[in-house]
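Okay, structure first, notes after.
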């Protein structure tokens, strides 16, 4: 612009020059998110813990190979030779051994792999399923919506743990179920969790889509001749990312607990594969004589779930500060 | 019969001696021997009278009986119910393994040629309601005949009673008369045998000889699978609680939940060696957790363990308490626990592969899953030490071990050698995964895991199917068609004090039956079969025990089954009862002799 208006003092001129020299860039949603998240100490610690745990889980075979024993190897020499009862923490077995002489430290680490694997895979599939159904129901309305919504209502009416137990029990014996497609163990647990969980995210997404589709930018996209498919993936889905992330970070710890519960009840991960839930189940009756077998997997489970929960809280707060109080 | 049960009795050799001039040798079989761990295996003193009359006993178990029908029962836990409810021709003197008359008025007499056995029954023994009438010899005859039918399918009928003249060689669909059982009058039975049989008298103590009223039972026995068990009548001090029409299903017998015994109103105490002190016995089933079971008993809320031993941690804690120690008893079972390999299909149809398994198993670790040395001696063959001089030494004693390893922990190198001899390069198995069906509760589940880990050392991928102990037998291991490659949690106790009862039902190829089969390895070795058939006819006890000792050697060397424990079974009682154990039944609680203090 040509010169300042007559009468403005020098300071204002400096300000204008300053403003002209720098571009004011609008910050994206993600930059805002990260800035808010960075301020949340608790969430950062939780993120650090989760990150560390994922690293440990990925490198468990290396760690265990270096300083501990293979998780499924039995060491009867570590049992009391008189009664066969397990011995506690020592320099060779950091967390002691279990009644079969297996290294509890190694099994806790490998259990982390199982818990994280199951939680992440199962959550991923349940989110994908829920989002797909939710988007279909919310966008297309009509018969599709009615059918899907009523089906979700029916599924939600089932008592969760009983339904999980039922599916898991049916598929845990012998050759599995669904004509052998669902084998006992990891597959059964993942399938059970997916079947239980997709309805929650499905409902949430449907609600979000219902409100989004009425917004102006959708109308304008439709007016400009965009196909439904394009609208769904280009316009609606990006706006769903926030609730999906929030839901995922809250669902993962729940699913870790669900896997532990199923393994505790004997219909989840089968021995000799290590699973925190199954270890806790075996440790409960001998707690008074073998506290280590209960405490270490138990602590691992509690800390993991707590970390994910705190992380999820932090993510939700950072994404949507209005709900932070 | 199947472990958890030891029924060995002193054969009243005196009778046979009178019949065939053989030298008599009797042993009591109660071995108050201190086991290697220093823990006594002496049984509690046998009660001679009731401390109090009345009260309720509670026995806890993980699983159910194998069959509620006494004509089908072949499992030590089931005998805890048949012994107090069903009187057999011969019984067992409490606290011993000695045979005494039960339904019989006196011990049976055997003819000089050994082909005729005569039994005189007591008079005045009556059935429980709704039958109520007096027991006659026809009822005992029918009981034995029905065992051979396909609808009852008793697992030892052919093994012990196949010697009867006219005994069917293939099972008839429904009970048919056997000409070799004669009933000249209502209280006399005459058995005609096809050849002299040294052990027939001992078989008269088995529950298949408990009387069954034919007119009442026939409608049930005519069904494809007999349902008489659900309507059974009793002759002992107790009966399974029944409706007025005799139905026990849902009344005194709730499968997998509860068995309730009440007093048999028609029992005459003066005719019986049993005391029958308490009024009611509850068998509470479904206690899957042995620690909970043991703690419940120690707290006094229950009185004894029916089928599951206290786990190692509990044994340790009980033995370190001066009061609780008094309530724990170890009974030599007379039998062995073993791992049965299915020889009818690959890979265990190969002798070298089986030998490899015999070498690789860490028997010491397997024993630790049950509690270590207090639980018994590592087994090296099938006839166990409590047989004493008769049979155990003939079988090679403690020293005979065809597959030795340092401290019985297994010899992986030797195992790999065997695998190489079988044709597997590097000594590692390279075929498809194999299957074992195991208990789903400890200690059996832990033992199965040790076995799977040991087999992994020679390359086997073992898939474990976990089911209840009873299901493991009735649906899998006892049915040759459904049998997996390995039955890891099986064992066998003598049915009575004869080595034949340890080796014949379990390893004679002629005793393989399509259901209720006890020859789990499906071993059918002609030379072993004929050696056994020959040994069965030996009347002289010493020669007989020697012959069976050699057979034990032969069977062990086939590695069709790998014995690993000669067990001292622990039984724990609450402090409110006077304990009594069936010394001939693995130390199982003898409820007909127990009373509340």
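The values are calculated or read from the model by the stated rules, or taken from the named source; none is laboratory data. Remember, predicted model here, so these are calculated numbers, not experimental data. When we count neighbours, we look across all protein chains shown, and the Cβ atoms used for this are built from the backbone with ideal geometry, even at glycine.
Brief remarks follow.
- Where residue B:296 falls short, out of the listed (1) closer than 17 Å to residue B:374 by Cβ; (2) in contact (Cβ under 8 Å) with a residue 60 or more places away in the chain: (1)
Here is a yes/no grid of residues against (1) farther than 21 Å from residue B:225 by Cα; (2) modelled with pLDDT of 95 or more:
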{"site": "B:171", "(1), (2)": "no, no"}
{"site": "B:181", "(1), (2)": "yes, yes"}
{"site": "B:192", "(1), (2)": "yes, yes"}
{"site": "B:198", "(1), (2)": "yes, no"}
{"site": "B:204", "(1), (2)": "yes, yes"}
{"site": "B:207", "(1), (2)": "no, yes"}
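- Options B:519, B:524; residue that is surrounded by fewer than 23 Cβ atoms within 10 Å (Cβ to Cβ) and in contact with a helix residue (DSSP H, G or I) (Cβ under 9 Å, 6 or more places away or on another chain): B:524
- Qualifying residue in the stretch B:276-285 (condition: more than 14 Å from every other protein chain (Cβ to nearest Cβ), closer than 30 Å to residue B:375 by Cα and surrounded by fewer than 22 Cβ atoms within 10 Å (Cβ to Cβ)): yes
- So residue B:500, is it within 14 Å of chain A (Cβ to nearest Cβ) and crowded, with 18+ Cβ neighbours inside 10 Å: no
- Any hit, the stretch B:448-463, residues being within 14 Å of another protein chain (Cβ to nearest Cβ), part of a strand (DSSP E or B), in contact with a helix residue (DSSP H, G or I) (Cβ under 8 Å, 6 or more places away or on another chain) and modelled with pLDDT of 90 or more: yes
- Residue among A:308, A:296, A:287 that is within 13 Å of chain B (Cβ to nearest Cβ) and either touching a helix residue (DSSP H, G or I) at 6+ places or on another chain (Cβ under 6 Å) or touching a residue at least 60 places away in the same chain (Cβ under 8 Å) (or both): A:287
- Qualifying residues in the stretch A:102-123 (those that are free of Cβ contacts under 8 Å to residues at least 60 places away in the same chain and surrounded by fewer than 24 Cβ atoms within 10 Å (Cβ to Cβ)) - the one farthest from residue A:187 (Cα to Cα): A:109
- Residue B:168 meets the conditions (1) within 22 Å of residue B:506 (Cα to Cα); (2) under 17 Å from the mean Cα position of the chain (by Cα); (3) surrounded by fewer than 23 Cβ atoms within 10 Å (Cβ to Cβ) in every case but one. The failed one is (2).
- Answer from B:438, B:470 - the residue that is within 11 Å of another protein chain (Cβ to nearest Cβ) and in contact (Cβ under 8 Å) with a residue 12 or more places away in the chain: B:438
- The strands (runs of 3 or more DSSP E) falling completely within the stretch B:57-154 that include 2 or more residues that are modelled with pLDDT of 95 or more and under 18 Å from the mean Cα position of the chain (by Cα) map to B:90-92.
- Enumeration of residues in the stretch B:132-148 that are surrounded by fewer than 24 Cβ atoms within 10 Å (Cβ to Cβ) and out of contact with any helix residue (DSSP H, G or I) (no Cβ under 9 Å at 6 or more places or on another chain): B:132, B:133, B:134, B:136, B:137
Yes/no matrix, rows are residues, columns are (1) in contact (Cβ under 8 Å) with a residue 24 or more places away in the chain; (2) touching a strand residue (DSSP E or B) at 6+ places or on another chain (Cβ under 7 Å); (3) more than 30 Å from residue B:427 (Cα to Cα):
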residue	(1), (2), (3)
B:305	yes, yes, yes
B:309	yes, yes, yes
B:320	no, no, yes
B:332	yes, yes, yes
B:335	yes, yes, yes
B:350	yes, no, no
B:357	yes, yes, no
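- Residue in the stretch B:533-540 that is surrounded by fewer than 22 Cβ atoms within 10 Å (Cβ to Cβ) and farther than 17 Å from residue B:163 by Cβ present: yes
- Taking (1) at pLDDT 95 or above; (2) crowded, with 16+ Cβ neighbours inside 10 Å in turn, residue B:219 satisfies each apart from (2).
- From the list B:392, B:387, B:382, the one residue that fits, being farther than 26 Å from residue B:446 by Cα, within 22 Å of the chain's Cα centre (by Cα), crowded, with 24+ Cβ neighbours inside 10 Å and more than 14 Å from every other protein chain (Cβ to nearest Cβ), is B:387.
- Residues located in the stretch B:226-241, provided they are in contact with a helix residue (DSSP H, G or I) (Cβ under 9 Å, 6 or more places away or on another chain), free of Cβ contacts under 8 Å to residues at least 60 places away in the same chain and in a loop (DSSP other than H, G, I, E, B): B:227
- Scanning the stretch B:473-492 for residues that are within 12 Å of another protein chain (Cβ to nearest Cβ) and either under 17 Å from the mean Cα position of the chain (by Cα) or without any contact (Cβ under 8 Å) to a residue 60 or more places away in the chain (or both) yields B:475, B:476, B:482.
- All of (1) out of contact with any helix residue (DSSP H, G or I) (no Cβ under 7 Å at 6 or more places or on another chain); (2) within 14 Å of another protein chain (Cβ to nearest Cβ); (3) buried (at least 23 other Cβ atoms within 10 Å of the Cβ) hold for residue A:98 with one exception: (1).
- The selection criterion, being touching a strand residue (DSSP E or B) at 6+ places or on another chain (Cβ under 8 Å), at pLDDT below 85 and farther than 30 Å from residue A:296 by Cα, does not hold for residue A:180.
- Residues that are farther than 26 Å from residue B:245 by Cβ and out of contact with any helix residue (DSSP H, G or I) (no Cβ under 7 Å at 6 or more places or on another chain) were ranked within the stretch B:116-131; the one that is surrounded by the most Cβ atoms within 10 Å (Cβ to Cβ) is B:119.
- Of all the listed residues (A:209, A:191), the sole one being part of a helix (DSSP H, G or I) and in contact with a strand residue (DSSP E or B) (Cβ under 9 Å, 6 or more places away or on another chain) is A:191.
- Screening residue A:257 with (1) out of contact with any strand residue (DSSP E or B) (no Cβ under 9 Å at 6 or more places or on another chain); (2) modelled with pLDDT under 90; (3) more than 14 Å from every other protein chain (Cβ to nearest Cβ) gives one miss only, at (2).
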